[in-house]
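J.: Once you've had a glance at the structure underneath, I'll fire off some questions.
The values are calculated or read from the model by the stated rules, or taken from the named source; none is laboratory data. No experiment lies behind these values; they were computed from the predicted model shown. Reconstructed Cβ throughout: ideal geometry from the backbone, glycine too, with neighbour counts over all protein chains shown.
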Ligand code: NAD
Ligand code: ZN
C-alpha cells in the first residue's frame, strides 16, 4: 500500500511575508463574527512583534507556555475553554512559534470538530472529521512540523503523534526574518533535527526516489549553512528555513530512524526536549551512521556547541528498561533502519549499551 499523502496546503514564502497574514486571514473572515484564534510562543510576549499580528477585536490571542512539549490535557483544556465562550469555531487557528506551538495549533484545530479527548486520536488515521482551517508560522527552524502530517502529543499513556488525512496545516507562512532572534544553542539543537531527519531518511529500507531527492537537497543546503564560517548570516537563516521544509517533506516519503526511535525513549523518562534529545542520542550512533556522526561533531566544533554528557547516569535501572520498551515499540523506524529482521539486530542489550553511554 502506498500512503496517499497530504502535506501542508498553501505556502507563502519570503522575507517579511508575515505582513501578508492579514490578507490571508481576511479571505476567511466571511462573517462579521468570524474570529481567529492566535497561539503565540511565549518568547514574543511583551515584544513589539505582537503589534504586527493582524488582530481584530473579536479575535483571541493566547500566549503559549513552551516549558513542556505539547500535552493532550492542555489541548483539551484550551478547546473546552474556547468552546465555552459560545463564539462558535474559529475561522483559523494560527500557530506562531516553534514545533511546540505549531503542534498545538495543528491539534487544537482538530478538536473543534472531533469529539472527546485528543488522547483518543493519538496514532494513525483515528481522526474522522476535517478540522477548522490551520495556519502555521515557524519562528525557529528544523523540526519540519510546518509541513508534516503529524502533531506530536504527550498523553496520559504515550507520547505519540496524531497523524492522518486531516492533520497537516492548511496554510504555511515562511518568513526567514522571524527566526533570526533564536539564541544558541537552541537554534543548533532544533536545526540538527533537520540534519538528523535527512540522514535517517536517506539511510534505510523505506527510501524512495521522491524522499531521496528532497532529503539530498535539504542536506546540501544544510551543509552550506553549518559547515560555513558563520551559520547565522541572513542568507543562512533563509536556507535553514528551506532545509527544514524540504527535510520534513522528505520524511513524508521515507521514515525516521535509530536516533528518533531512541530519543522518543529518552523523552519518556526525562524532560529533555526533542532537538537536544536527538543531539545527545545521535552523538552515540556511529554504528548506524558513521560518516554523519563525524560530520555532526565537526558542525558542533565549528559552531562552538557542546552536548550535555552523562544524562542517563542518574536514571534507575527501571527507567533505562522503560526507555528500551518505548524505543522497541517504534517498529516502523527500526524496520527502516535494519530491515524486516530488525528484531534480531536491535536487541535490548544493544539499546541498553547505547543509552548508558549518553
Ligand atoms: P520549541 O517549540 O521547543 O521552541 C524552542 C525554544 O525556542 C522555546 O524556548 C521558544 O520560546 C524559543 N523560540 C521560538 N522562536 C523563537 C524566536 N524567533 N526567537 C527566540 N526564541 C524563540 O522548538 P522546536 O525544536 O521547533 O520544537 C520542538 C517540538 O516540536 C517538540 O514538541 C517536538 O515533539 C515537536 N516536533 C514535531 C514534529 C512534527 O512533525 N509535528 C517534528 C519534530 C518535532
Ligand atoms: Zn525530529
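J.: If you go through the range 237-252 one residue at a time, do you hit one that is more than 30 Å from residue 14 (Cβ to Cβ) and surrounded by 24 or more Cβ atoms within 10 Å (Cβ to Cβ)? If you could, list the steps in order and put the result at the bottom.
T.: Step one: of the range 237-252, the residues more than 30 Å from residue 14 (Cβ to Cβ) are none.
No, the conditions are met nowhere in the range 237-252.
J.: Give just the number: which of (1) loosely packed, with under 14 Cβ neighbours inside 10 Å; (2) part of a helix (DSSP H, G or I) does residue 229 not satisfy?
T.: (2) is the only condition that residue 229 fails.
J.: Could you tell me whether residue 271 is more than 16 Å from residue 145 (Cα to Cα), in a loop (DSSP other than H, G, I, E, B) and more than 20 Å from the chain's Cα centre (by Cα)?
T.: No: the conditions fail for residue 271.
J.: Consider residue 265 carefully, then state whether it is surrounded by 22 or more Cβ atoms within 10 Å (Cβ to Cβ), within 11 Å of ligand 2 (Cβ to nearest atom) and not assigned by TED's automatic domain parsing to the domain that holds residue 99. If you could, list the steps in order and put the result at the bottom.
T.: Values: surrounded by 22 or more Cβ atoms within 10 Å (Cβ to Cβ): yes; within 11 Å of ligand 2 (Cβ to nearest atom): no; not assigned by TED's automatic domain parsing to the domain that holds residue 99: yes.
So residue 265 does not fit the description; no.
J.: Here is a follow-up. Testing residue 109 on (1) farther than 26 Å from residue 276 by Cα; (2) over 18 Å from the mean Cα position of the chain (by Cα), one condition comes back false. Which one is that?
T.: Condition not satisfied by residue 109: (2).
J.: Continuing with the same structure: Scanning for something away from ligand 2 (no atom under 16 Å from the Cβ) and touching a strand residue (DSSP E or B) at 6+ places or on another chain (Cβ under 6 Å), does the range 74-87 turn up at least one residue?
T.: Within the range 74-87 (the criterion being away from ligand 2 (no atom under 16 Å from the Cβ) and touching a strand residue (DSSP E or B) at 6+ places or on another chain (Cβ under 6 Å)), the answer is no, since none of the residues qualifies.
J.: Do we find a residue being in the same structural domain as residue 147 (by TED's automatic domain parsing), touching a helix residue (DSSP H, G or I) at 6+ places or on another chain (Cβ under 7 Å) and loosely packed, with under 15 Cβ neighbours inside 10 Å anywhere in the range 31-51?
T.: No: zero hits.
J.: Of the residues 154, 190, which single one is within 14 Å of ligand 1 (Cβ to nearest atom), in the same structural domain as residue 35 (by TED's automatic domain parsing) and in contact (Cβ under 8 Å) with a residue 24 or more places away in the chain? First the steps, then the outcome.
T.: On the way: 190 fails: in the same structural domain as residue 35 (by TED's automatic domain parsing).
The conditions single out 154.
J.: If you don't mind, there's one more thing I want to ask. Mind checking which strands (runs of 3 or more DSSP E) fall wholly inside the range 101-213 and carry at least 1 residues that are surrounded by fewer than 18 Cβ atoms within 10 Å (Cβ to Cβ) and away from ligand 2 (no atom under 16 Å from the Cβ)?
T.: Details: elements: 134-138, 150-154, 159-163, 171-174.
The strands (runs of 3 or more DSSP E) meeting that bar number zero.
J.: Against the definition (in the same structural domain as residue 227 (by TED's automatic domain parsing) and under 30 Å from residue 184 (Cα atoms)), how does residue 287 come out, yes or no? Give the derivation first.
T.: Values: in the same structural domain as residue 227 (by TED's automatic domain parsing): yes; under 30 Å from residue 184 (Cα atoms): yes.
In short, yes.
Yes/no per residue for (1) closer than 27 Å to residue 188 by Cα; (2) at pLDDT 95 or above:
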position: 295; (1), (2): yes, yes
position: 299; (1), (2): yes, yes
position: 309; (1), (2): yes, no
position: 334; (1), (2): yes, yes
position: 338; (1), (2): no, yes
position: 342; (1), (2): no, yes
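J.: Then there's this: Can you name every one of the helices (runs of 4 or more DSSP H) wholly within the range 293-358 that holds 1 or more residues which are surrounded by fewer than 18 Cβ atoms within 10 Å (Cβ to Cβ) and more than 25 Å from the chain's Cα centre (by Cα)?
T.: On the way: elements: 317-328, 331-338, 342-345, 348-357.
Where helices (runs of 4 or more DSSP H) fall fully within the range 293-358 and carry at least 1 residues being surrounded by fewer than 18 Cβ atoms within 10 Å (Cβ to Cβ) and more than 25 Å from the chain's Cα centre (by Cα), they are 317-328, 342-345, 348-357.
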